[in-house]
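Just below is one structure, and these are the notes that go with it.
The values are calculated or read from the model by the stated rules, or taken from the named source; none is laboratory data. A quick note: this is a predicted structure, and the numbers were derived from the prediction, not measured. FYI the Cβ positions are ideal-geometry reconstructions off the backbone, even for glycines, and counts take in every protein chain you see.
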Amino acid sequence: MLHSAKIIRALVAGVALSAIAGCETASPPPVAAANGPELAGAWYQVYFDTNSSAIDARGRTIVDKVAYVVANTANTRVTVIGKADRVGPVRANIDLSQQRANAVRDALVAAGVPANRIDTSWTGERRQAVATPNDAAERRNRVVDITVVKQPG
């Protein structure tokens, strides 16, 4: 449990550093969990325009960074989680978050990350970074979170 808390603290610190620096990525030092994974490239975010799953130039740069980390760190896995803001119907936002997650997954594969090392999921408008009322556009909620972890091995 103590090791999980360390990982969470490292992720929170990375988010805070990103916000302060105005960056799209955070790279805290690797944190090891007992008999579990350690953060290899940490946590990255690809943001999207409203009602879009198109990856922009900044998002492509992040995909390339993730591919570089995976290519240069043995035994890594990538987790991709698509999200949406609360603009539009709930079902449409679930579908959109899936499309965003799949777009990032496909871009990672095209950049050289083996598909069998990517875990993809989506949450729709649940688990948002910024709480908003219905129909409120919030860029920070239109995101795909990417985490790269090094598996014991």
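Quick one: would you say ASP85 is under 16 Å from ASN141 (Cα atoms), assigned to a loop (DSSP other than H, G, I, E, B) and modelled with pLDDT of 50 or more? Break it down into steps so the answer makes sense when it comes.
Details: under 16 Å from ASN141 (Cα atoms): yes; assigned to a loop (DSSP other than H, G, I, E, B): yes; modelled with pLDDT of 50 or more: yes.
Considered against the rule, which asks whether it is under 16 Å from ASN141 (Cα atoms), assigned to a loop (DSSP other than H, G, I, E, B) and modelled with pLDDT of 50 or more, ASP85 comes out as yes.
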Q. In the list ARG139, ARG100, ARG91, ARG77, which residue meets the criterion of being touching a Pro at 6+ places or on another chain (Cβ under 9 Å) and of a type outside the set (Asp, Glu)?
A. ARG77
Q | Given (1) surrounded by 21 or more Cβ atoms within 10 Å (Cβ to Cβ); (2) among the hydrophobic types (A, V, I, L, M, F, W, C); (3) farther than 17 Å from VAL63 by Cα, number of the condition VAL104 does not satisfy | A | (3)
Q: Looking at (1) in contact with a Gly (Cβ under 7 Å, 6 or more places away or on another chain); (2) over 18 Å from ARG140 (Cα atoms); (3) at pLDDT 95 or above, find the lone condition where PRO28 falls short.
A: (3)
Q: Considering (1) at pLDDT 95 or above; (2) touching a helix residue (DSSP H, G or I) at 6+ places or on another chain (Cβ under 8 Å), say which one ASP119 fails and leave the rest.
A: (2)
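In region 100-153, how many residues are small (Gly, Ala, Ser) and assigned to a loop (DSSP other than H, G, I, E, B)? Let's see the steps before the verdict.
Of region 100-153, the ones small (Gly, Ala, Ser) are 101, 103, 107, 110-112, 115, 121, 124, 129, 131, 136-137, 153.
Subset that is assigned to a loop (DSSP other than H, G, I, E, B): 111-112, 124, 129, 131, 136-137, 153.
So the count comes out to 8.
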